[in-house]
Every structure is written in C-alpha cells, then in structure tokens.
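Visitor: Supplied in structure tokens, the structure appears directly below.
What follows draws every value from the coordinates through simple rules; no lab data is involved. Nothing here was measured: the structure is a model prediction, and the numbers come from that model. Here the Cβ is made from the backbone with ideal geometry for all residues, glycine too, and neighbour counts use every protein chain on show.
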There are 2 protein chains.
Amino acid sequence: MVLEVKIAVPENVYLKDPQQSKLGLQLIQEGIELIDEIGYEAFTFKKLATKINSTEASVYRYFENKQQFLQFLFSWYWGWMNYKIHMETASMSTANEKLKRSIKLLTQSNDVVDSITTPHEAKLKSIINQEGIKAVLNKNVDQINQSGAFENYKLLVEKMTCWILEINPNFAYPQMLLTTIIEGAHLQHFFATHLPRLTNQSSENNAVELFYIQLICTQITTNNG
Amino acid sequence: MVLEVKIAVPENVYLKDPQQSKLGLQLIQEGIELIDEIGYEAFTFKKLATKINSTEASVYRYFENKQQFLQFLFSWYWGWMNYKIHMETASMSTANEKLKRSIKLLTQSNDVVDSITTPHEAKLKSIINQEGIKAVLNKNVDQINQSGAFENYKLLVEKMTCWILEINPNFAYPQMLLTTIIEGAHLQHFFATHLPRLTNQSSENNAVELFYIQLICTQITTNNG
DNA sequence: CATAAATAATAGTAATACTATCAAATGGTT
DNA sequence: AACCATTTGATAGTATTACTATTATTTATG
C-alpha cells in the first residue's frame with residue numbers, strides 16, 4: 001500500500017520525504033515489519049539499517065530519531081484511514097450510515113482481512129493499535145503537535161464530529177465520544193490477545209465492533225446540551 | 001501517602017520491597033517526582049540515584065529496570081484506588097450509587113484536590129494518567145502479566161463488573177465498558193491540556209466526569225444480552 | 001560524459017542500561 | 001562493647017544506543 005497510494009504527511013514529520021525515494025520506501029516497509037515484530041521499545045535505527053543492508057547514517061537522513069519515525073507512521077496511517085473512510089462513505093446519503101461505516105472500519109480487528117489491501121497494511125494497523133498512542137503520550141507532545149503529526153487524526157475526528165452534529169446538533173461531547181471509541185477499540189483488541197479478563201472481546205465474537213457501534217448510537221441520541 | 005498506607009504489591013514487581021526500607025521509600029517518592037517532571041522516556045536510574053544522593057547500583061537492587069519501576073507504580077496506584085473506592089463505597093447500599101461514585105473517582109481531573117491526601121498522590125495520579133498505559137502496551141506484556149503487576153487493576157475492574165451485573169445481569173460488555181471509561185478518561189485529560197481539538201473537556205468544565213457517568217448509566221440500561 | 005545528489009563506509013562520542021567487586025556503614029544479638 | 005549480617009556506597013567496567021562527522025562511492029540527470 002505504501003507504494004501504491006501517496007498519502008499527505010506534513011513535511012516536519014520527516015527530514016527528507018521517504019515517499020520520494022527507493023530507500024525511503026524501503027525504510028517504511030521494513031520499518032513497519034520490524035516494529036511489528038520486536039516492538040517500538042526494542043526497535044533501533046541500527047537494526048533497521050542492517051535489515052535493509054544500509055547504514056545507520058542513511059536512516060538518520062530521513063528521520064531525526066525513532067520517535068519521529070513513529071510519528072510518520074502515525075500520520076501516514078491516519079491519512080490512509082481518512083482516505084479509506086472517504087472512499088467508503090462518499091456515496092452514502094445519511095450521516096448515520098457514514099458514521100456507522102466509519103466506526104466499523106475504526107474498530108474492526110486487524111486480523112479481519114476484509115478491506116485490507118496488502119500485508120503491510122495489516123501490520124501497520126497492528127502497530128498503530130499497540131504503539132500509536134505512544135506517539136501522543138509524551139513530554140514532547142506540544143512540539144510534535146506543532147510539527148503537524150496529529151493533523152490527519154484531527155481531520156478525521158473533525159469530519160466525524162460534523163456527522164454527529166448533523167444527527168444531533170445538541171450533543172455536547174462529539175470529540176470525546178469519538179476518541180474514546182477509537183482508542184478504546186485499540187485497547188480492547190490488545191486486551192483480547194493478552195489480558196482477556198479486561199475485555200469481552202474474544203476470537204469467537206466481534207464484540208468490539210458491536211459494542212462501539214451500539215455505544216455511538218445510544219450516546220448521540222442522548223440529549224445533553 | 002506512600003509512607004502512610006502500605007499497599008499490597010505482588011512480589012515479582014520488584015527485586016526487593018521498596019516499602020520496607022528508608023531508601024526504598026525514597027526511591028518511590030523521588031521517582032514519582034522525577035517521572036512527573038521529565039517523563040518516563042527521559043527518566044533513568046542514574047538520574048534518580050543522583051537526585052537522592054545514592055548510586056545506580058543501589059537502585060538496581062530494588063528494581064530490574066525502569067519498566068519494572070513503572071509496573072510497581074502502576075500496581076501501587078491501582079491498589080490504592082481499590083482501597084480508596086472500597087472506603088468510599090463501603091457504606092453505600094445500592095450498586096448504582098457505588099458505581100457512580102467509583103466512576104467519579106476514576107475520571108476526575110488530577111488537579112481536583114478533592115479527596116487527594118498528599119502532593120505525591122496528585123503526581124502519581126498524573127503519571128498513571130500519562131504513562132500508565134505504557135506499563136501495559138508492550139511486547140513483554142504476557143511476562144509482566146504473570147508477575148502480577150496488573151492484578152490490582154483487574155481486581156478493581158472485576159469488583160465494578162459485579163456492580164454492573166447487579167444492576168443489569170444481561171449486560172454483555174461490562175469489562176469493555178469499564179476499561180473504555182477508565183483509559184478514555186485518562187486520555188481526555190491529556191487531550192484537554194495538549195490537544196484540545198480532540199476533546200470537549202476544558203479547564204472551565206468537568207466534561208470528562210459528566211460524560212462518562214452519563215455514558216455508564218445509559219449503557220448499562222441498554223439491554224444487549 | 002560531466003556533475004550533482006544520494007548513499008555507503010568508517011569512525012567516533014556521550015549517554016544509557018546494565019553487572020561486578022569491595023569497602024563502609026548500620027542494626028540487631030549476646 | 002564486640003560480633004555478625006545486611007544494606008548501602010564507591011568505583012569500575014561492558015555492551016548497546018543514539019546520535020554526528022567525514023570521505024569515498026554509486027546513481028540519477030541534463
């Protein structure tokens with residue numbers, strides 16, 4: 001996918017655009033694989049360079065550090081989700097339909113092959129699921145925010161906020177509801193695999209999807225201006 | 001607080017119990033302060049040792065690494081929340097009352113001094129808010145889980161699950177609802193400070209509390225067995 | 001074919017994340 | 001007060017990480 005669609009990522013999220021060179025594209029592809037495999041904490045530019053038969057110095061020409069690399073993946077992923085949701089909802093006529101379809105896409109398990117185009121998309125999804133929030137929850141958040149790394153995520157939340165307000169203009173907490181659902185869904189999938197006592201999702205059901213779609217429906221119709 | 005109440009933390013969450021020596025207690029107190037100040041990523045045992053005029057080697061006698069130190073704080077914090085919620089709800093007669101009171105305690109902002117006993121409690125709360133999820137979201141989660149580090153968190157979720165099922169025995173997603181609320185609330189407070197476009201909480205309202213209490217009420221009464 | 005740009009190769013530094021050893025201090029028995 | 005065990009401090013050392021700098025080589029472009 002990385003190779004096929006060019007997603008807009010703000011220019012401060014990298015030193016040199018990795019989507020415009022062969023090495024850059026390799027960095028993204030193999031970087032996704034490596035993080036998915038060993039996790040963000042154990043991931044280093046040295047390991048990535050070795051994996052693609054390149055050098056640390058070359059990687060550093062594209063990204064300041066691994067934090068920025070994660071920001072890039074984060075930004076790319078949300079740009080991609082924006083695009084995907086746009087494609088799938090463009091033909092729909094009601095905000096309700098659009099919203100439900102979006103929530104379905106945002107909450108579905110990353111092993112649901114349905115609508116996943118390439119193996120790398122599944123791995124990126126799994127990274128964002130497990131590591132994505134680390135791009136946000138840190139002491140540099142304000143500076144990262146200024147770089148634009150969260151723009152695609154915000155755009156998605158804002159688009160969906162509009163749909164919510166179309167349905168119920170008096171609903172007071174649209175952004176809160178949406179981020180609760182998006183990040184909650186990520187967590188539930190992680191819990192399902194590792195901490196089953198903390199969730200009701202299992203491999204035999206699709207509780208996450210059902211729960212959050214039902215959640216958004218009941219919440220929006222709750223009038224609380 | 002660390003000094004006043006002894007909270008049960010599983011013994012595999014440390015090498016040597018820091019609650020049983022002067023140096024250990026200092027580690028916890030000053031460690032909380034340091035992480036709150038510089039963040040988990042920048043936090044090192046060297047810096048902590050320097051801060052308390054001790055040595056790196058001494059810190060390593062208590063904890064294997066900073067990941068385990070965070071696990072200790074995580075476990076301690078949830079033990080403490082368990083205790084607090086128990087204290088505040090013991091005299092209540094209905095599950096509904098207990099649940100609402102708990103959600104209030106779990107979702108309130110960490111600058112609400114209300115019911116906070118010491119300055120360190122506020123800082124620990126703020127750490128769990130921002131860094132707590134990092135104790136969970138990593139590749140060692142299964143091993144950490146076996147150490148018992150998440151036990152206090154699970155116990156709280158299970159206690160509250162019982163209350164939910166008391167109110168509505170047919171509700172299918174109690175754990176999912178609870179973890180969604182607990183972790184969602186943490187995120188909303190972080191967003192309120194750093195990414196206001198992603199939340200509806202601000203310093204002028206207490207939207208998080210209101211939203212999640214309303215959320216749990218409407219969800220539980222939704223029949224979806 | 002010339003030349004600019006990108007990459008590779010190599011080297012080096014400071015900080016991090018530890019482990020090991022031994023000396024000094026402390027605290028509780030007899 | 002002397003003894004012993006435990007805890008802590010002091011010091012040293014290693015492998016890895018997180019970078020930066022320099023120069024040589026390859027690759028793309030006009």
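Visitor: Which distances, in nm and shortest first, link the A:Ala42 label point to the same label point in every other copy, taking 7 Å along Cα→Cβ?
Guide: Distances to the matching label points in the other copies: 2.8 nm.
Visitor: Among B:Thr94, B:Thr179, B:Thr44, which one shows the highest mean-square fluctuation when chain B is modelled as a Gaussian network with alpha-carbon springs under 10 Å?
Guide: B:Thr94
Visitor: Still on this model: Considering only the other residues whose Cβ falls under 15 Å of the Cβ of A:Val59, what net charge follows from Lys and Arg at +1 and Asp and Glu at -1?
Guide: On the way: positive: A:Lys16, A:Lys22, A:Lys46, A:Lys47, A:Lys51, A:Arg61, A:Lys66; negative: A:Asp17, A:Glu30, A:Glu33, A:Glu56, A:Glu64.
Around A:Val59, the surrounding residues sum to +2.
Visitor: In a Gaussian network model over chain A where Cα atoms closer than 10 Å are linked, find which of A:Gly184, A:Gly79, A:Gly31 has the largest mean-square fluctuation.
Guide: The residue with the greatest mean-square fluctuation here is A:Gly184.
Visitor: In chain B, if the dipole is taken from +1 on Lys/Arg beta carbons and -1 on Asp/Glu beta carbons about the Cα centre, which of B:Met87, B:Leu27, B:Ile167 is farthest to the positive end?
Guide: Result: B:Leu27, furthest along the dipole toward the positive end.
Visitor: Could you give the dipole magnitude of the protein assembly as shown about its Cα centre, charging the beta-carbon of Lys and Arg +1 and that of Asp and Glu -1, in debye to the nearest 20? Don't jump to the answer; show the numbers that get you there.
Guide: Details: 40 positive and 46 negative charges, 65 e Å.
Result for the protein assembly as shown is approximately 320 debye, rounded to the nearest 20.
Visitor: Looking at chain A as a GNM with Cα springs under 10 Å, which of A:Met160, A:Met81, A:Met176 has the largest mean-square fluctuation?
Guide: Most flexible of the set in this elastic network: A:Met176.
Visitor: Filter the cross-link list A:Lys16/A:Lys104; A:Lys6/A:Lys154; A:Lys47/A:Lys104; A:Lys104/B:Lys66 down to pairs whose alpha-carbon distance in this structure exceeds 30 Å. Walk me through the numbers on the way to the answer.
Guide: Working: A:Lys16/A:Lys104 35 Å; A:Lys6/A:Lys154 19 Å; A:Lys47/A:Lys104 36 Å; A:Lys104/B:Lys66 38 Å.
Over 30 Å Cα-Cα: A:Lys16/A:Lys104; A:Lys47/A:Lys104; A:Lys104/B:Lys66.
Visitor: Continuing with the same structure: Label position 7 Å from Cα toward Cβ: report the copy-to-copy distances for B:Ser203 in nm, one decimal, ordered from shortest.
Guide: 5.0
Visitor: Which one of B:Phe69, B:Thr55, B:Leu177 is farthest out on the positive end of the charge dipole of region B:11-220, using unit charges on Cβ (Lys, Arg +1; Asp, Glu -1) and the Cα centre as origin?
Guide: Comparing the listed Cα positions along the dipole, B:Thr55 ranks first.
Visitor: Report the one residue of A:Phe190, A:Asn138, A:Leu124 whose Cα lies farthest in the direction of the positive end of the charge dipole of region A:11-221 (charges on C-beta: Lys and Arg +1, Asp and Glu -1; origin at the Cα centre).
Guide: A:Asn138
Visitor: From the backbone phi of region B:89-95, what are the Karplus-calculated ³J(HN,Hα) couplings (6.51 cos²θ - 1.76 cosθ + 1.60, θ = phi - 60°) in whole Hz, Gly and Pro given as x?
Guide: 10, 3, 8, 7, 9, 9, 4
Visitor: Oh, and also: Which value at 222 nm does the protein assembly as shown reach when only helices count, each DSSP H run of 4 or more adding -39,500 (n - 2.57), with the total divided by all residues and rounded to the nearest 500 deg cm²/dmol?
Guide: Values: 20 runs with 281 residues, N = 450.
Value at 222 nm, helices only, nearest 500: -20000 deg cm²/dmol.
Visitor: Explain nothing, just compute: Karplus ³J(HN,Hα) = 6.51 cos²θ - 1.76 cosθ + 1.60, θ = phi - 60°, for every residue of region A:37-47 in order, whole Hz, x for Gly and Pro.
Guide: Values, residue by residue: 6, 9, x, 4, 5, 7, 5, 9, 5, 4, 4 Hz.
Visitor: What number, in percent, do you get for the relative contact order of chain B if the mean sequence gap of Cα pairs under 8 Å and at least 6 apart is divided by its residue count?
Guide: Values: 241 pairs, mean separation 51.6, N = 225.
Answer for chain B is 23 percent.
Visitor: Each residue of region B:128-134 in order: what ³J(HN,Hα) in whole Hz does its phi give by Karplus 6.51 cos²θ - 1.76 cosθ + 1.60, θ = phi - 60°, with x for Gly and Pro?
Guide: 4, 4, 8, 10, x, 5, 6
Visitor: Also, I was wondering about something else. Using Cα pairs under 8 angstrom and six or more residues apart, how large is the relative contact order of region A:119-220, in percent?
Guide: Details: 50 pairs, mean separation 23.6, N = 102.
With pairs under 8 Å counted, the relative contact order is 23 percent.
Visitor: Given label points at 7 Å from Cα along Cα→Cβ, what nm distances, shortest first, separate B:Lys159 from the same residue in every other copy?
Guide: Output for B:Lys159: 4.3 nm, nearest copy listed first.
Visitor: Quick check for me: using +1 on Lys/Arg Cβ and -1 on Asp/Glu Cβ, what's the dipole size of chain A about its Cα centre, in debye to the nearest 20? Before the final figure, lay out the partial values.
Guide: Working: 20 positive and 23 negative charges, 43 e Å.
Charge dipole, chain A, about its Cα centre: 200 debye, nearest 20.
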